[in-house]
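S.K.: Below you will find the structure I want to go over with you.
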């Protein structure tokens with residue numbers, strides 16, 4: 001029996017995957033070579049199949065017995081998944097407050113982990129401006145983002161779970177502890193994951 005691997009991102013997998021498939025994003029396969037060694041592996045991603053082709057090429061180069069599930073055969077499998085809602089917070093932190101802010105965010109994330117409907121989080125700290133991505137002409141130079149900006153993503157089974165989370169006193173207290181470190185009014189938006 002072959003091991004079926006979905007090589008999409010964790011978020012894409014959560015929303016739609018072949019029932020019983022493991023999720024190893026294509027860019028993480030290098031960390032699973034010992035686990036995959038000696039197994040027959042079938043991989044898939046979606047209708048464009050770019051990532052599954054990349055995965056097969058990579059795994060075969062590493063000596064793993066891997067093949068792609070053809071797109072035309074994907075509908076013959078049983079699929080599973082659940083909706084996912086993403087809440088995105090944009091936060092700007094006072095200079096010199098970054099370390100304490102990050103500790104408070106870590107505390108808040110820990111308080112969030114066991115809440116009804118919560119299914120994950122990611123927190124990003126911006127570092128410097130991307131010339132290429134920003135289409136900025138001229139020679140690259142490192143320009144720091146000031147004040148330091150953070151993006152906090154939280155993943156939820158539905159919007160109702162997210163809204164009820166904000167009604168919890170311990171969570172509101174966590175947000176109140178973050179606020180003295182903020183220098184620009186934060187805002188939060190909901191987002192649908194497309195890819």
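FYI, it's all coordinate maths here, none of it is from the lab. Computed from a predicted structure; not experimentally measured. Heads up, the Cβs are rebuilt from the backbone with ideal geometry, glycines too, and the neighbour counts pull from every protein chain shown.
S.K.: How far apart, in nm, are the 7 Å Cα→Cβ label points at residue 15 and residue 159?
M.R.: The answer from the label model is 1.5 nm.
S.K.: Hey, rough spin-label estimate for residue 109 and residue 48, points 7 angstrom out along Cα→Cβ, what's it come to in nanometres?
M.R.: Once both label points are built, they end up 2.8 nm from each other.
S.K.: Counting only helical runs of four or more DSSP H residues, what would the 222 nm mean residue ellipticity of the chain come to if each run contributes -39,500 (n - 2.57) and the total is spread over all its residues? Present the calculation step by step, with values, prior to reporting the outcome.
M.R.: Working: 7 runs with 58 residues, N = 195.
-8000 deg cm²/dmol, from helical runs alone.
S.K.: I'd like the orientation of helix 98-112 relative to the chain: the angle between its Cα long axis and the longest Cα principal axis, in ° from 0 to 90, rounded to 10.
M.R.: For helix 98-112, the angle is close to 60 degrees.
S.K.: Take the Cα of residue 166, step 7 Å along the line toward its Cβ, and report every residue of the stretch 118-160 whose backbone nitrogen sits under 16 Å from that point.
M.R.: Within reach of a label on residue 166: 118, 152-160.
S.K.: Follow-up question, since we're still on this one. 7 Å from Cα along Cα→Cβ at both residue 22 and residue 121: what's the point-to-point distance in nm?
M.R.: About 2.9 nm separates the two model spin labels.
S.K.: While we're here: Quick check: Cα centre of the stretch 39-91 to Cα centre of the stretch 133-173, how many Å?
M.R.: Between the Cα centres of the stretch 39-91 and the stretch 133-173 lies a distance of 28 Å.
S.K.: While we're on this one: I want the antiparallel fraction of DSSP beta bridges within the chain, as a percent rounded to 5. Write out the running numbers ahead of the final one.
M.R.: Numbers: 26 of 36 bridges.
The antiparallel fraction comes to roughly 70 percent.
S.K.: Out of every Cα pair in the stretch 3-80, what percent are spaced more than 21 Å from each other?
M.R.: Values: 517 of 3003 pairs.
The share of Cα pairs beyond 21 Å in the stretch 3-80 comes to 17 percent.
S.K.: Something else: Taking the 0 to 90 degree range and rounding to the nearest ten, how far is the long axis of helix 50-61 tilted relative to the main principal axis of the chain, both from C-alpha atoms?
M.R.: Around 60 degrees separate the two axes.
S.K.: Stokes-Einstein D for the stretch 85-191 at 10 °C, 1.306 mPa s, Kirkwood Rh over Cα pairs, in µm²/s?
M.R.: Values: Rh = 15.1 Å.
Estimated diffusion coefficient is 105 µm²/s.
S.K.: Calculate how steeply helix 169-178 sits against the longest principal axis of the alpha-carbon atoms of the chain, using the helix alpha-carbon long axis, and give the answer as 0 to 90 degrees to the nearest 10.
M.R.: 70 degrees
S.K.: What base-10 log of the normalised intensity I(q)/I(0) is obtained for the stretch 55-114 from the Debye formula, alpha carbons as equal point scatterers, at q = 0.21 Å⁻¹?
M.R.: -0.93
S.K.: Using Cα pairs closer than 8 Å and at least 6 residues apart in sequence, work out the relative contact order for the stretch 1-158, in percent. Working shown, then result.
M.R.: Values: 244 pairs, mean separation 36.5, N = 158.
Relative contact order for the stretch 1-158 comes out at 23 percent.
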